[in-house]
1. When you scan region 344-354, do you find a residue that is farther than 16 Å from residue 282 by Cβ, in contact (Cβ under 8 Å) with a residue 12 or more places away in the chain, in a strand (DSSP E or B) and not aromatic (Phe, Trp, Tyr), even just one?
2. Looking at region 307-327 only, could you name the residues that are open to solvent by less than 60 Å² (accessible area, probe 1.4 Å) and either at pLDDT 95 or above or within 24 Å of residue 259 (Cα to Cα) (or both)?
3. I need the full set of residues from region 305-353 which are over 26 Å from residue 253 (Cα atoms) and among the β-branched types (Val, Ile, Thr), in order please.
4. Limited to region 1-36, what total is found for residues that are β-branched (Val, Ile, Thr), touching a helix residue (DSSP H, G or I) at 6+ places or on another chain (Cβ under 7 Å) and part of a helix (DSSP H, G or I)?
5. Within region 299-306, is there a residue that is at pLDDT 95 or above, within 18 Å of residue 334 (Cβ to Cβ) and not charged (D, E, K, R)?
6. What is the number of the single condition among (1) open to solvent by 40 Å² or more (accessible area, probe 1.4 Å); (2) out of contact with any Phe, Trp or Tyr (no Cβ under 8 Å at 6 or more places or on another chain) that residue 93 does not meet?
7. Do the conditions hold for residue 186, that is, is it closer than 30 Å to residue 132 by Cα, assigned to a loop (DSSP other than H, G, I, E, B) and not basic (Lys, Arg)?
8. Which one of these does residue 17 not meet: (1) more than 17 Å from the chain's Cα centre (by Cα); (2) open to solvent by 30 Å² or more (accessible area, probe 1.4 Å)?
Amino acid sequence: QTVQWLSAFIGLPPGYGGILVSGGNMANFTAFLAGRTAKAPKHIKEDGVSQSTEKMRVYCAKTTHTWIEKAAILFGLGTKAIRWIETDADNKMNIEKLDEAIRNDLEQGCLPIMIVGTAGDVSTGAVDDLRAISLVCKKYDCWFHVDGAYGIPAAVIPAYTSLFDGITEADSIAMDPHKWLYSPLEAGCTLVKEAKHLSDTFSSHPDYYKFNSEGGNEVQNFYEYGLQNSRGFRALKVWLMLQQIGRSGYEQMINEDIELAKLFYTRADKNPELEAVSQHLSITTLRYLPKGEIKHDEAYLNKLNEALLNKLQHGGEAFLSNALVGGKFCLRACIVNFRTTEKDIEEIVDIILREGRLMHEELQR
């Protein structure tokens, strides 16, 4: 029921299957293996990747989370199988470059098997053009996976639904209820358009796995849907939160996070000592700019903001992470807490300004 609710929550039609896992890495790994099984030559399951003459390739934006590298290594393709596609000015995958990369690989005798789109990239929160990617997947018969670990819950808000246009074309989707659905760790989820792809990938039937069916109906055993046999009851806490908060409650809280990120961007944009760099969903990136001509020295600004970030993280007043956007080392604020307020944003701006000035003075000595 929780899987069905999560599917409906992000706007998927009935029929999607899935499994609750520990987090984003495992959700993406599970989908990656399902996609590889579906699109790789059928002899792979018996002979293994090492016996294959096909040079399988997967495609993703350069901003894709590092899980893709882990998956390529762990599941036999190797990191050279990944084609990192350039992004545009908005940090979205460049569709023309994607198509070009696939055509080049086909000319070299490679086998494209999967394209990974991102619904809320880890650095800036940008959402790829999922509809355009789905069309490329159909053109080249590739598995379409969407990494929505962070951003896909925003699809519940009517004003942002169009941002995720094409999500219903995805063969698989990864999401993390312990990120933007405010669930306690651990709670990740893999959703697939056809549950059979999970059982085709993970199911086995040794003699010691004997489960009786009742009334002629097949018993659903989730060990056949993922990497783990022994599993905790992760679905319970997600089910409870969906019951208690409801769709309208999530709409309100997620939208408030987005509005706070916009406020952060606006405050930075209006302050001469700050540069607002990007704002997507509930992620804002910015950097501190000292007064004077030195603000045009990009190398120094990167050094200053990296030192500033380290000081902020050790200071205990606020915790920002980092992002590299267009060569700029930025402070990154990702707001996924329903307790964050406008007062918090105002205070964080003041802290950045205060500590930025002190760090600049220290570096100038």
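The values are calculated or read from the model by the stated rules, or taken from the named source; none is laboratory data. Here the structure is a predicted model, which is why all the values come from computation and not from measurement. Cβ: placed from backbone, ideal geometry, glycine included. Neighbour counts: every protein chain shown. The area values use the complete protein model at the heavy-atom level, side chains included, leaving out ligands, DNA and RNA. Shrake-Rupley method; radii C 1.70, N 1.55, O 1.52, S 1.80 Å.
1. no
2. Across region 307-327, the qualifying residues are 307, 308, 309, 312, 318, 320, 321, 323, 325.
3. Within region 305-353, just 325 meets the criteria.
4. Result for region 1-36: 1.
5. yes
6. Single failed check for residue 93: (1).
7. no
8. (2)
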